[in-house]
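A.B. asks: Sharing a structure below in structure tokens format, with a few things to ask.
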Amino acid sequence: MDEDAVTAQSTTRSTSSVVQQRSLRTVARPELLRGVPLHVALSYWGKHWRAPDQGMFNVNPKNYQLSRPTKAYDAFLSHDWASSRWLKFLSLLMVFNSGPAFAISFLVSVLVGTLRAHRVIPDQAWTLSIVYAVYFFIFSFWQRIRTMFCRPLVVFLDKLCVAQHDEDLKQEGIQSLGAFLLSSRELVVLLSPQYLSRLWCVFEISTFLRDRASLNRLRIIPQKTTLLLLMVAGCWHLLASYYFLLIRYGVLGSWGGGATMTLTTAMLGFCSLLVPLSFYVGIGLMFELQEVPRQLQNFRVQDSKCYCCSHSHVHPRSGEPLPCDRQLVYETIQDWWGTKKEDGSDPHLERFSASVRQSVAPKIANGMGIGLPFHYVVYTAVFSIVPWLADFIALWAETIDHRPVISIWSLRHFVTWGIVGLALLFSLKISIWLWTLGTLIEKRMFSRWLAVFMVAPLSCLGVCSLWLPLGISLAATNEDNPLPVIIFFAGAALTTFVWHIERKPQPSPRQSQCSTSTRSTDDDDTFSI
């Protein structure tokens with residue numbers, strides 16, 4: 001018998017012995033508890049989130065060496081390997097880095113404005129690029145930066161924390177999934193359309209939410225939300241820059257009509273491209289979010305997909321037998337929810353599925369909500385006005401003359417800056433409702449682009465409803481009139497109110513078949529547990 005045949009036989013015997021001993025555990029050997037620093041999981045622009053090659057013989061043992069022993073995880077990162085590497089990478093940057101990036105860049109903007117006011121640095125528009133550079137640097141590398149003054153966040157990422165190069169260790173790691181979840185302070189779900197159709201993904205979130213208090217430690221971020229927020233931020237960066245440049249160099253400066261017209265044409269051109277695209281993505285996001293409660297309402301664990309069953313328990317490249325993950329999960333459900341009946345029926349699976357529909361589904365809906373998370377909107381889209389605060393501070397110091405520092409004039413000056421962010425927040429909430437309306441139009445007209453061109457123009461109403469009254473009041477009143485300030489704070493109160501209106505996801509009116517037929521690929525769970 002040749003060497004390859006001997007190796008194959010040895011691998012088969014090893015795999016068979018592991019399969020015979022398989023069972024999911026809530027306690028793991030301490031040496032199996034391995035975590036990876038978050039900055040390592042995000043390194044090389046998210047290369048570790050690339051869907052793994054399905055070949056058995058190209059697994060890099062060095063990946064496992066990136067993890068280290070730990071007693072607990074700051075976060076368990078739950079995802080499916082079929083979704084985009086870049087969307088998952090950007091979503092994690094949004095979750096963990098956008099807040100510090102916004103706060104630090106805000107402070108830098110104040111510092112730059114103060115230095116410009118005292119002529120320590122030139123009072124020129126190019127200094128705003130410092131704020132932009134700081135934001136994108138912190139947004140990209142904050143997890144590595146924070147290791148300089150505090151411990152890194154330790155997370156569980158299956159590809160790095162479970163040995164992929166050793167079949168015995170890999171199977172033992174898979175069987176210790178419950179222990180990893182129970183050792184996690186937070187569950188971060190990178191939600192995709194196919195997430196709830198994957199056996200391991202559903203099992204992870206169901207296991208974590210068995211404790212009712214765990215809902216407060218559940219963080220769900222639909223991956224398409226990240227793409228949408230970046231597109232919205234791009235639109236508003238253009239609009240804010242246009243508005244502030246006109247104030248600085250057009251209306252108050254010495255720009256000619258030709259320069260102003262060129263800037264206006266460029267702004268309209270870019271926005272006419274980005275606004276429809278963002279509405280197209282926004283309507284798609286609403287479709288996905290509406291699909292989640294329908295998927296959960298009709299959920300049956302028997303309909304979930306897993307890699308081994310999709311390939312008839314034979315590795316597509318090596319031909320080696322694959323242990324059945326479905327049987328492993330079913331046996332654990334049987335331990336938790338009762339035993340099989342003598343007639344061979346599986347009431348424990350039905351009880352588990354009912355538990356997911358009745359208990360887990362509302363928790364997921366409450367943790368996810370409908371729309372965009374407010375704080376991420378602030379950290380990304382509202383950042384469009386932050387660099388220009390430096391310009392307004394410098395302009396304020398230049399024109400304050402002998403007026404009191406705290407005065408109606410000063411408030412009016414900074415209201416002119418803040419109204420852009422306020423109009424952004426208000427119009428974006430209106431846009432969320434318009435995206436939902438767009439889903440209804442698409443269902444009737446069978447065209448998303450038609451829905452986009454019907455609802456996108458209405459978003460201008462959200463912008464104008466706050467921006468125009470303030471702009472008119474600023475132009476029509478003298479510099480000591482408090483009316484614009486009153487309008488601004490009234491608009492802030494209205495914006496706060498509309499953002500706190502929670503729209504609960506509505507169940508499907510008919511018990512349609514579970515839409516786990518959502519697009520799913522077979523290259524999902526080779527390394528996913």
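A.B. asks: Of the residues Trp417, Trp435, only one is surrounded by 19 or more Cβ atoms within 10 Å (Cβ to Cβ) and under 21 Å from Leu274 (Cα atoms); which?
C.D. replies: Answer to the check: Trp435.
A.B. asks: Mind checking whether some residue in the stretch 183-200 is more than 21 Å from Ser83 (Cα to Cα) and of a type in the set (A, V, I, L, M, F, W, C)?
C.D. replies: Looking through the stretch 183-200, none of the residues is more than 21 Å from Ser83 (Cα to Cα) and of a type in the set (A, V, I, L, M, F, W, C).
A.B. asks: Regarding Ala240, is this residue part of a helix (DSSP H, G or I), within 20 Å of Trp126 (Cα to Cα) and at pLDDT below 85?
C.D. replies: Details: part of a helix (DSSP H, G or I): yes; within 20 Å of Trp126 (Cα to Cα): yes; at pLDDT below 85: no.
In short, no.
A.B. asks: Moving on. Quick check: anything in the stretch 160-174 more than 21 Å from the chain's Cα centre (by Cα) and more than 27 Å from Trp81 (Cα to Cα)?
C.D. replies: The answer is no, given that none of the residues of the stretch 160-174 is more than 21 Å from the chain's Cα centre (by Cα) and more than 27 Å from Trp81 (Cα to Cα).
A.B. asks: Scanning for something surrounded by fewer than 18 Cβ atoms within 10 Å (Cβ to Cβ) and either in contact (Cβ under 8 Å) with a residue 60 or more places away in the chain or not in a helix (DSSP H, G or I) (or both), does the stretch 85-95 turn up at least one residue?
C.D. replies: Of the residues in the stretch 85-95, the ones surrounded by fewer than 18 Cβ atoms within 10 Å (Cβ to Cβ) are 85-86.
Among the residues that remain, those that are also either in contact (Cβ under 8 Å) with a residue 60 or more places away in the chain or not in a helix (DSSP H, G or I) (or both) are: none.
No, the stretch 85-95 contains no residue that is surrounded by fewer than 18 Cβ atoms within 10 Å (Cβ to Cβ) and either in contact (Cβ under 8 Å) with a residue 60 or more places away in the chain or not in a helix (DSSP H, G or I) (or both).
A.B. asks: Pull up the stretch 248-259, narrow it to residues that are in contact with a Phe, Trp or Tyr (Cβ under 9 Å, 6 or more places away or on another chain) and either more than 24 Å from Gly418 (Cα to Cα) or in a helix (DSSP H, G or I) (or both), then point me to the one that is modelled with the lowest pLDDT.
C.D. replies: Of all residues in the stretch 248-259, those in contact with a Phe, Trp or Tyr (Cβ under 9 Å, 6 or more places away or on another chain) come to 248-249, 255, 259.
In the following step, the residues that additionally are either more than 24 Å from Gly418 (Cα to Cα) or in a helix (DSSP H, G or I) (or both) were identified as 248-249, 259.
Details: Arg248: 75, Tyr249: 72, Ala259: 61.
Selected residue: Ala259.
A.B. asks: Kindly provide the set of residues from the stretch 96-121 that are charged (D, E, K, R) and in a helix (DSSP H, G or I), ordered by number.
C.D. replies: Arg116
A.B. asks: If only one of Asp346, Asp325 is out of contact with any strand residue (DSSP E or B) (no Cβ under 8 Å at 6 or more places or on another chain), among the acidic types (Asp, Glu), surrounded by 15 or more Cβ atoms within 10 Å (Cβ to Cβ) and modelled with pLDDT under 80, which one is it?
C.D. replies: Values: Asp325 fails: modelled with pLDDT under 80.
Only one candidate qualifies: Asp346.
A.B. asks: Also, I was wondering about something else. Kindly indicate whether Arg357 is at pLDDT 85 or above, of a type in the set (D, E, K, R) and assigned to a helix (DSSP H, G or I).
C.D. replies: Against the criterion (at pLDDT 85 or above, of a type in the set (D, E, K, R) and assigned to a helix (DSSP H, G or I)), Arg357 does not qualify.
A.B. asks: Considering every residue within the stretch 416-425, establish whether at least one is under 30 Å from the mean Cα position of the chain (by Cα) and among the hydroxyl-bearing types (Ser, Thr, Tyr).
C.D. replies: The answer is no, given that none of the residues of the stretch 416-425 is under 30 Å from the mean Cα position of the chain (by Cα) and among the hydroxyl-bearing types (Ser, Thr, Tyr).
A.B. asks: Let me ask something else about it. Does Gly284 qualify as being modelled with pLDDT under 75 and either buried (at least 20 other Cβ atoms within 10 Å of the Cβ) or farther than 20 Å from Leu389 by Cα (or both)?
C.D. replies: When the stated conditions are applied, Gly284 does not pass them.
A.B. asks: Among all residue pairs at least 6 apart or on different chains, which show Cβ distances below 9 Å where the first residue, located in the stretch 428-442, is within 15 Å of Val377 (Cβ to Cβ) and the second is polar (S, T, N, Q) and surrounded by fewer than 19 Cβ atoms within 10 Å (Cβ to Cβ)?
C.D. replies: From the stretch 428-442, the pairs are Ile430/Ser465.
A.B. asks: When you scan the stretch 392-408, do you find a residue that is touching a Pro at 6+ places or on another chain (Cβ under 6 Å), under 17 Å from Phe488 (Cβ atoms) and not polar (S, T, N, Q), even just one?
C.D. replies: Start the filter on the stretch 392-408 by keeping residues that are touching a Pro at 6+ places or on another chain (Cβ under 6 Å), which leaves 408.
Within this subset, residues satisfying the condition of being under 17 Å from Phe488 (Cβ atoms) are 408.
Imposing the further condition that a residue be not polar (S, T, N, Q) reduces the set to 408.
Yes, the conditions are met somewhere in the stretch 392-408.
A.B. asks: Now for a different question. All but one of (1) out of contact with any Phe, Trp or Tyr (no Cβ under 9 Å at 6 or more places or on another chain); (2) buried (at least 17 other Cβ atoms within 10 Å of the Cβ); (3) not acidic (Asp, Glu) hold for Val356; which doesn't?
C.D. replies: (1)
A.B. asks: Would you point out which residue out of Arg34, Arg29, Arg68, Arg116 is closer than 29 Å to Thr380 by Cα and among the basic types (Lys, Arg)?
C.D. replies: Only one candidate qualifies: Arg116.
The values are calculated or read from the model by the stated rules, or taken from the named source; none is laboratory data. Treat the numbers as computed from the prediction; the structure is a model and nothing was measured. Cβ: placed from backbone, ideal geometry, glycine included. Neighbour counts: every protein chain shown.
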